[in-house]
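Novice: Okay, handing you the structure first.
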Amino acid sequence: MNTPVVQFHFDFGSPNSYLAHKVIPSIEHRTGVRFEYVPVLLGGLFRFTGNRSPAEAFAGIKNKQEYGRLEIRRFVEKHGLTAYRYNPHFPVNTLQIMRGAVAAGFEGCFPRYVDVVFAAMWEQEKKMDDAATIGLVLREAGLDAERLLSRMNDPVVKETLLKNTQESFERGAFGSPTFFVNDEIYFGKDRLREVEEEIERVKAS
């Protein structure tokens, strides 16, 4: 059996990244293949590509954003993601919490950090570009908030996040969530079925 390298390039500021994150475990269970989570800075991808957030890009298009909300509702209902809440502070500057994700990787608490921050953003409606709020969320989750907050300013952490974002762009990414199955790229939570199909195809090859 060939085991593909599967990556999930994400930014906490994307509700669709949160929704994908909640569905990924079921794909891992069915395929037996683990996803590698790669923190990237969505704002950086936008700068590299000239892309804009859907809220900005489609602001003047009648029915487009309404359909986007309908599509999210359908996805939530299909997968039973009843904890999802739209964050009233959206859009949120995710620079610090994305650096925190890199720091959590260095500190050995990455999976827990990712779960906690995604939940704070898209279940608990927290303002996650506020340092005091970030610290409180991490402390309440039993994480070493002071250590993680300090490491967010570590030059190595900053450089790693920039490197991740640059490499994601160079591989073809323009937003979040983006998935790679080996070198095949897929964008958006609605491509998770195709991601799973490609995983199975590679396994069988």
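Novice: If only one of 77, 125 is of a type outside the set (A, V, I, L, M), more than 24 Å from residue 165 (Cβ to Cβ) and under 17 Å from the mean Cα position of the chain (by Cα), which one is it? Full working, then the answer.
Specialist: On the way: 77 fails: under 17 Å from the mean Cα position of the chain (by Cα).
Exactly one residue qualifies, and that residue is 125.
Novice: Also, I was wondering about something else. Might you let me know whether region 84-99 holds any residue that is basic (Lys, Arg) and closer than 28 Å to residue 145 by Cβ?
Specialist: Narrowing region 84-99 to residues basic (Lys, Arg): 85, 99.
Within this subset, residues satisfying the condition of being closer than 28 Å to residue 145 by Cβ are 85, 99.
Yes: one or more hits.
Novice: Of all residues in region 1-10, count the ones that are crowded, with 19+ Cβ neighbours inside 10 Å and either in contact with a Gly (Cβ under 8 Å, 6 or more places away or on another chain) or over 19 Å from residue 164 (Cβ atoms) (or both).
Specialist: 1
Novice: Now for a separate question. What pairs can you find where one residue is in region 26-52 and within 15 Å of residue 166 (Cα to Cα), the other is in a strand (DSSP E or B) and of a type in the set (S, T, N, Q), and their Cβ atoms are less than 6 Å apart, with a gap of 6+ or different chains?
Specialist: Note: pairs meeting the criteria are 38/7.
Novice: For residue 187, state whether it is out of contact with any helix residue (DSSP H, G or I) (no Cβ under 9 Å at 6 or more places or on another chain) and within 19 Å of residue 52 (Cβ to Cβ). First the steps, then the outcome.
Specialist: On the way: out of contact with any helix residue (DSSP H, G or I) (no Cβ under 9 Å at 6 or more places or on another chain): yes; within 19 Å of residue 52 (Cβ to Cβ): yes.
The answer is yes for residue 187.
Novice: Here's something else I'd like to know. Checking the condition part of a strand (DSSP E or B) and surrounded by fewer than 17 Cβ atoms within 10 Å (Cβ to Cβ), which residue from 36, 66 passes?
Specialist: Details: 66 fails: part of a strand (DSSP E or B).
After applying the criteria, what remains is 36.
Novice: Return the pair list, or none, for Cβ contacts closer than 9 Å from residues in region 154-178 that are touching a residue at least 60 places away in the same chain (Cβ under 8 Å) to residues that are of a type in the set (D, E, K, R) and assigned to a loop (DSSP other than H, G, I, E, B), at least 6 apart or on different chains.
Specialist: 175/11; 176/11; 177/11; 178/171
Novice: Continuing with this model, one more query. Restricting the search to region 128-148, which residues are in contact with a helix residue (DSSP H, G or I) (Cβ under 6 Å, 6 or more places away or on another chain), part of a helix (DSSP H, G or I) and crowded, with 16+ Cβ neighbours inside 10 Å?
Specialist: From region 128-148, those in contact with a helix residue (DSSP H, G or I) (Cβ under 6 Å, 6 or more places away or on another chain) are 128, 135, 137-139, 141, 145, 148; that's our starting set.
Those still in the list that are part of a helix (DSSP H, G or I) too: 135, 137-139, 145, 148.
Matches in region 128-148: 137, 138, 145, 148.
Novice: Examine region 56-63 for a residue that is within 16 Å of the chain's Cα centre (by Cα) and modelled with pLDDT under 95, and state whether such a residue exists.
Specialist: So the first thing to find is which residues in region 56-63 are within 16 Å of the chain's Cα centre (by Cα), and the list is none.
Scanning region 56-63 turns up no residue that is within 16 Å of the chain's Cα centre (by Cα) and modelled with pLDDT under 95.
Novice: What are the residues in region 81-114 that are in contact (Cβ under 8 Å) with a residue 60 or more places away in the chain and of a type in the set (D, E, K, R), if any?
Specialist: Result: 99, single match.
Novice: A follow-up question, please. Output the qualifying pairs, or none if there are none: Cβ atoms under 7 angstrom, residues six or more apart or on different chains, first residue in region 53-77 and over 17 Å from residue 13 (Cβ atoms), second residue at pLDDT 85 or above.
Specialist: These pairs meet every condition: 75/19; 75/189; 76/84.
The values are calculated or read from the model by the stated rules, or taken from the named source; none is laboratory data. What you see is a predicted model, and the numbers here were worked out from it, not measured in a lab. Ideal geometry is used to build each Cβ from the backbone, glycine not excepted, and the neighbour counts take in all protein chains shown.
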